[in-house]
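Engineer: One structure is given below, represented as structure tokens, and several questions about it will come after.
FYI, it's all coordinate maths here, none of it is from the lab. All of these numbers come straight from a predicted model, not from anything done at the bench. So basically every Cβ, Gly included, is an ideal-geometry build from the backbone, and we count neighbours across all protein chains shown.
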Amino acid sequence: MGAGLLHRERPAGGRMEARQPAGDACDVQGTDRGGLQARTQPGLVGVVSLHESQGDTHTHTHTRAIKLDADKYENDPELEKIRKERHYSWMDIVTISREKLPDYEEKIKMFYTEHLHLDEEIRYVLDGSGYFDVRDAEDRWIRIAVEKGDMITLPAGIYHRFTLDEQNYVKAMRLFVGEPVWTAHNRPADHLEARGRYMAFLAQRA
Ligand SMILES: [Fe+2]
């Protein structure tokens with residue numbers, strides 16, 4: 001992917017002021033979706049938008065993002081082009097909300113547990129919003145706000161987690177190269193080859 005894709009501009013003012021992380025208080029069911037914990041824990045760098053911060057150049061994580069028109073995802077030549085070029089042969093659409101997602105509480109906890117995958121995690125936000133937290137090269141949390149139209153790609157081997165924000169709702173397309181493997185390896189998972197490869201990649205760029 002060309003680096004230029006990371007540099008698309010957003011209107012001034014950005015999302016850093018506009019949106020606050022979830023979890024200012026526990027919700028009525030008593031589930032802290034993680035925002036408060038994340039904001040108060042040592043090492044959280046802050047909320048960034050990949051589009052505003054020039055993506056991996058800023059975070060040094062090789063996390064990538066592009067912006068698409070989510071209103072036309074069902075018939076979007078740009079999306080088709082990306083899928084073809086990157087061999088994203090598989091896709092489905094998931095909705096994360098209390099009403100739509102079975103075992104919501106459990107799933108939310110799972111998404112927010114620090115983990116990695118052996119493959120890229122590719123998500124295209126069709127509606128709603130949320131936060132991906134990724135560890136940077138110094139092992140600090142970087143909180144990345146995603147909203148409608150954002151396609152984010154987390155590299156294989158990066159420690160990360162996901163949480164909803166105050167909307168408590170996201171609808172996202174999951175994309176995968178070949179048959180999907182969703183296995184999450186919770187930290188510590190440093191012994192895995194994908195982790196080793198990712199660390200070597202970071203070291204190369206340091
Ligand atoms: Fe994940």
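Engineer: Could you line up VAL125, VAL134, VAL177 from fewest to most neighbouring Cβ atoms inside 10 Å?
Structural biologist: Result, fewest neighbours first: VAL177, VAL125, VAL134.
Engineer: In addition: Give me the one-decimal nm value for the distance between modelled label points at ASP71 and HIS87, 7 Å along each residue's Cα-to-Cβ direction.
Structural biologist: Here the modelled spin labels are 3.5 nm apart.
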